[in-house]
Structures are given as structure tokens and as C-alpha cells.
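**Student:** Below is a structure I'd like to ask you about.
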Amino acid sequence: MSNVKNYINGNTTCLSSKMTDIIDPSTGDKIGSVVLSNEKDLKLVIETAKIAQKEWANITPLKRSRVMSKYKSIIENNIELLAQTVSKEHGKTLEDAKGSVIRGLEIVEFACGIPHLLKGEFSQNVGTNIDSWSVRQPLGICAGITPFNFPAMVPMWMFPISIACGNAFILKPSEKNPSCSMLLAKFFSEAGLPNGVFNVINGDKEVVDLILESQDISSVSFVGSTPVAKYIYEKSAKFSKRVQALGGAKNHLVVMPDANIDQAVDGIIGAAYGSAGERCMAVSVAVAVGDIADELVDKISEKASNLKVAPWTDPESSMGPVISKAHKNKILEYIESGINEGADLVLDGRNFKLQGYENGHFLAPTLFDNVNNNMKIYKEEIFGPVLSVVRSKDYEEAIELINQHKYGNGTSIYTSDGEISRHFTSNINIGMVGVNVPIPVPMAFHSFGGWKQSLFGDHAMHGAEGINFYTKLKTITSRWPKSIKDGPEFVLPTN
Ligand code: NAD
């Protein structure tokens, strides 16, 4: 039974005595507890971060990069442990968890290049004998508030870059699965990161509000649901903070009549049901264009019904439980509403039972056909293993449908027509776009972020956007006139 505190100044400690349970989603059993931090905990973390940040910012980027390189190898040596920690508290398969740790590791790898990434710009002779240049300097103390669905990867979108830039970082992970963040912090200390530069504070809305109100914290990076993202964005702005707040999603995958249908089906299966649909890049709507729809629905249905739903401890599991009983009930309500609003329920995952795991939060793959854009299951993010198929008469109708949706995180198209593909990538009103790939997932050196209700703020995560977010720009203009002090006169050569 784990008892998760905070990680402050290189120590596990907490002042609040309020705790909440950590639940194993596969069994429904309590497997630990985590502190819900209060004002005193935040005060302590800020005091330590303030001192540590000043010293850390004075360490050269090259030396910071060396700490990052050590951190990278420690993570590499502990991928299995980190992945198991993710799976235990989240429920996703071990393969999936490993993949997410590796994605996070790639950000650490990217941050190792910080001496290069922080190089500024220089213009000589902007006026006669006047030069101008710009540098990027750290913000100070940055905070990150992260969701349950990627307990390793999403925090790693943030803190490696922020810390490489010379900031101190306070991470507030999801209270549903906090253990991975504690491990990531401990490993960073082992890599030689000075105490107080990276801290983890656990808790819920109470501590989030304190973070947002703090005058000592310069920026907030948030990933989570759209209503909370909007709240974070507005409140951070009210307290004059730099903010990036990534929200929910409803990702469409378009299948054109000329697509390689088997590739599209394989892509849809992984993207719709992988991680039980609890991914911000999950495909939750397949748009079948023209006469491909019947074949597409049959093939998805056949493959989805063969997926093995099982706990992460089963190496053959292709899909685990959803995070909580409350979330499972919410998904059940969505399925009910889809039926009531007239969608065709092709696969019903509601009554799935697994011997020995009767209290686990399992649902089997669920598939709706003939969904339309007035239905609740189409309009809202379900965040579960529920796929809707919308039938669209042609490409124009498909692109219009996607562009009208309030979310704009990711989308993809399967086609063998280059002209359609180019039109799609140019005209779709979505932040991340794929062609003949199931999920467009930008790599560490590009940036991750959606549009519309999927991102509030100006900056996406990691890549160049991450560097810009975690630094402030300073522009210097300088002229060196002849010294007016007495001294030997130098005559500068002219050429
Ligand atoms: P959530 O919004 O419930 O919680 C996210 C974080 O905010 C947690 O740390 C939580 O403690 C805190 N929080 C929750 N309610 C709060 C409140 N009222 N005030 C202040 N803080 C609050 O999200 P979740 O359920 O943990 O994660 C799932 C959501 O995250 C989905 O909507 C998913 O699409 C989204 N997500 C988005 C991305 C992206 O890149 N856009 C990536 C991953 C997850």
C-alpha cells in the first residue's frame, strides 16, 4: 500500500494530513493514498524553488544539458519500472505504458540540446556602429498541472524543457495516479539536479487554486479536460501568469472510398480502443465517405470484437479498464443516450464481465453506426472505448463536419489521392493532422497542441513552442562610442 507525499527540496514530505485513495482500476481496490496538499505545503515548495532557481539559472546551459543527459540514461534504465507504475495506477497495458514513457523520454532527449536551443539572434549594424541581439531568459518558477491519462508522458512534455531553460518546476500530477511523478522527481535528483529545482506537489482543486493565485509562480502549463482548461486559462490570466491550457478532444478519422480499407481499419482499431479510448488523440469518430461505409463498419466490428479486454498483468491484453467507477458510469450514460437518440449500436461493451475482476472498471469496445452531428455522443468527448461512425455523402460534407466541431485537437484522413490529401491538410481547422496514419502525434522536436476548445493560450507543448513558452525574450541594442576617459588613443584600422 503506497502512501504518496510530496517531493520537495529532494525529500518526500508533506504538511497536510488530508489524504485521498488511489484505486487500482482493474480491481476497484484501494492500493494506496496520496496527500491533498494545502497552503503550507505550497509555501514550503515555493520557498525552496525560489532559492534553487536562482542558482540553477546561473549554471551554464551546457552543464544543465549534462544533468539532462544523465537523467536520460537513468530513465532508459528504468523504463520497465516506470511503465509498471503507470499501468498499476492507470490500468493501461504494459506495452502502451512503455510507449508513453519512451515518448516522454524523447522530450528529455530534446532538452539535452538546450545550449543550441537557447541560441539567440544577432544583427550587426542596425544603425551605424550599433548592434542588436536577443536572448531568451528563464521565467522563474513554472507550474504544471497534469491529467490521469498519461502520468509519465504529459508531465514530461513540460518539466524537462522548463528546467533545461533554467526554471524551477512545480508539478501537480493527477491525484488518481501520482506515483510515477514521484519516481521521475527522484530520478532527476539522482542525475544531479540540485534540490528544489524539480518539485512535486500532490493534491486536488484546492492546491491548483493556490498555484494559480501565487504571485511567485510565473507560468502554468495545464493538460486536462476542456472545462478545467478554460478555468485555468482564465484564472491564470487574472493573476497575470503566462498560461498554456490543453483541453479535451473529439478526433475524426476520415476514410475516403479510395483508401486502403484494411490499413484504415487497423488504424481505427488501435486509435479508438487503445488505452480504452482514454487518449486525447483517440479517434472517437470515423467518417465513412461514400459507399465504403458498410464494409468499414463490418470490418471494424469484427476486429473490435476480437480485442482482448484484460488487466495490464495479462501480456495478451489489448485494452484495460477505464480509470474509475464514476468515469465508467459516465460512459454508460453516453451509450444510453446514443441509443435513445437513434444511433445504431453495432457492438455493445456495457455488460462485459471478467472473472476475478468483477469490481474492475472494464468496458468492452462499443461501436455506433449512423451517428449524426446532433447527437450528444457526437458532440461531446466520451473518453472511453466508444467509437461513432458518421456516414458522409462526399468529401466536402466530411471536411465541413470536422471544421464545425468545437474541438480541434487531431484528425486524420485515409486516401490514395494526393490532391484530396493536400486539400485536407491545408483546409482542415484542426491543430494536428495525419495522412494515412491513425494518430498524428508530433515528435518531441515538433510541438503538440490542438485548436479551438482543445487549447487555450498561444503556445503548444514542447518543440520550439516549449522553449518559447518557458523563456522570456530580451532584446538588447548596444553602441560602444569612443571612450571619453583619458588613456592611450587607439586608431581603428579601416578596410
Ligand atoms: P481533469 O481536467 O479532470 O484533471 C486534470 C488536472 O486538473 C488534474 O491534475 C486535476 O487534479 C485538476 N483538476 C480537476 N478538476 C479541477 C478543478 N475544478 N479546478 C482545478 N483543477 C482541477 O482531466 P482528467 O480527467 O485527469 O484527464 C482527462 C482529460 O484530459 C480529457 O478531457 C483529455 O482529452 C484531456 N487530455 C488532453 C490532452 C491534450 O493534449 N489536449 C492530453 C491528455 C489529456
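The values are calculated or read from the model by the stated rules, or taken from the named source; none is laboratory data. All figures in this text were calculated on a predicted structure; none of them were measured in a lab. In this analysis, Cβ positions are derived from the backbone assuming ideal geometry, glycine residues included, and neighbour counts consider all displayed protein chains. Heads up: the accessible areas ignore ligands, DNA and RNA and are worked out on the full protein's heavy atoms, side chains in. Shrake-Rupley method; radii C 1.70, N 1.55, O 1.52, S 1.80 Å.
**Student:** Among the residues of the stretch 233-266, which ones are outside any loop (DSSP other than H, G, I, E, B) and charged (D, E, K, R)?
**Tutor:** Restricting attention to the stretch 233-266, the residues satisfying the condition of being outside any loop (DSSP other than H, G, I, E, B) are 233-238, 242-246, 251-255, 261-266.
Listed by number, the residues that qualify are 234, 235, 238, 242, 262, 266.
**Student:** Starting from the stretch 284-299, take each residue that is modelled with pLDDT of 95 or more and list its partners that are small (Gly, Ala, Ser), counting only C-beta distances under 6 angstrom and pairs at least six apart or across chains.
**Tutor:** Note: pairs meeting the criteria are 285/388; 287/392; 287/398; 289/392; 289/398; 296/288.
**Student:** Next question. Just need a number here: residues in the stretch 128-183 that are more than 16 Å from the ligand (Cβ to nearest atom) and within 25 Å of residue 61 (Cα to Cα). Outline the logic, then answer.
**Tutor:** Restricting attention to the stretch 128-183, the residues satisfying the condition of being more than 16 Å from the ligand (Cβ to nearest atom) are 128-141, 160, 162-168, 183.
Imposing the further condition that a residue be within 25 Å of residue 61 (Cα to Cα) reduces the set to 131-141, 160, 162-168, 183.
Going through the stretch 128-183 one residue at a time, the tally reaches 20.
**Student:** Determine whether residue 258 is more than 16 Å from the ligand (Cβ to nearest atom), surrounded by fewer than 19 Cβ atoms within 10 Å (Cβ to Cβ), modelled with pLDDT of 95 or more and closer than 30 Å to residue 379 by Cβ.
**Tutor:** Working: more than 16 Å from the ligand (Cβ to nearest atom): yes; surrounded by fewer than 19 Cβ atoms within 10 Å (Cβ to Cβ): yes; modelled with pLDDT of 95 or more: yes; closer than 30 Å to residue 379 by Cβ: yes.
In short, yes.
**Student:** Pick from 346, 322: which is modelled with pLDDT of 95 or more, part of a strand (DSSP E or B) and open to solvent by less than 70 Å² (accessible area, probe 1.4 Å)? Working first, answer last.
**Tutor:** Numbers: 322 fails: part of a strand (DSSP E or B).
Being modelled with pLDDT of 95 or more, part of a strand (DSSP E or B) and open to solvent by less than 70 Å² (accessible area, probe 1.4 Å) holds for just one of 346, 322, which is 346.
**Student:** Looking at the stretch 116-133, I want the residues that are surrounded by fewer than 13 Cβ atoms within 10 Å (Cβ to Cβ) and have a partner that is in a loop (DSSP other than H, G, I, E, B) with Cβ atoms under 7 Å, at least 6 apart or on another chain. Which pairs are those?
**Tutor:** Within 7 Å, no pair qualifies.
**Student:** So for the stretch 216-237 (the condition being touching a residue at least 60 places away in the same chain (Cβ under 8 Å), under 19 Å from residue 327 (Cβ atoms) and more than 11 Å from the ligand (Cβ to nearest atom)), does at least one residue qualify?
**Tutor:** No, every residue in the stretch 216-237 fails to be touching a residue at least 60 places away in the same chain (Cβ under 8 Å), under 19 Å from residue 327 (Cβ atoms) and more than 11 Å from the ligand (Cβ to nearest atom).
**Student:** While we're looking at this one, here's another question. Whether any residue in the stretch 97-108 is over 30 Å from residue 357 (Cβ atoms) and out of contact with any helix residue (DSSP H, G or I) (no Cβ under 6 Å at 6 or more places or on another chain) is what I want to check. Lay out the reasoning, then the answer.
**Tutor:** Of all residues in the stretch 97-108, those over 30 Å from residue 357 (Cβ atoms) come to 105-108.
Checking the rest, the ones that are also out of contact with any helix residue (DSSP H, G or I) (no Cβ under 6 Å at 6 or more places or on another chain) come to 106.
Yes - at least one qualifying residue is present in the stretch 97-108.
**Student:** What number of residues in the stretch 233-246 are closer than 23 Å to residue 380 by Cα and either open to solvent by 10 Å² or more (accessible area, probe 1.4 Å) or of a type in the set (A, V, I, L, M) (or both)? Steps first, please.
**Tutor:** Let us first name the residues in the stretch 233-246 that are closer than 23 Å to residue 380 by Cα, namely 233-234, 244-246.
When the remaining residues are screened for being either open to solvent by 10 Å² or more (accessible area, probe 1.4 Å) or of a type in the set (A, V, I, L, M) (or both), the result is 233-234, 245-246.
Result for the stretch 233-246: 4.
**Student:** If you don't mind, there's one more thing I want to ask. Kindly indicate which of 328, 308 is farther than 22 Å from residue 440 by Cβ and either surrounded by fewer than 16 Cβ atoms within 10 Å (Cβ to Cβ) or of a type in the set (Ser, Thr, Tyr) (or both).
**Tutor:** Values: 328 fails: either surrounded by fewer than 16 Cβ atoms within 10 Å (Cβ to Cβ) or of a type in the set (Ser, Thr, Tyr) (or both).
Exactly one residue qualifies, and that residue is 308.
**Student:** Among the strands (runs of 3 or more DSSP E) lying completely within the stretch 9-109, list those that include at least 2 residues that are open to solvent by 20 Å² or more (accessible area, probe 1.4 Å) and outside the structural domain of residue 156 (by TED's automatic domain parsing). Steps first, answer last, please.
**Tutor:** Values: elements: 11-13, 19-23, 30-35.
Passing ranges: none, list empty.
**Student:** Now a separate question. Identify, please: which residue in the stretch 280-296 is within 16 Å of the ligand (Cβ to nearest atom) and farther than 15 Å from residue 414 by Cα and is, among those, surrounded by the fewest Cβ atoms within 10 Å (Cβ to Cβ)? If you could, list the steps in order and put the result at the bottom.
**Tutor:** Kept after step one, since they are within 16 Å of the ligand (Cβ to nearest atom), are these residues of the stretch 280-296: 280-285.
Subsequent filtering for residues that are farther than 15 Å from residue 414 by Cα retains 280-282, 284.
Details: 280: 25, 281: 21, 282: 29, 284: 25.
In this case the residue turns out to be 281.
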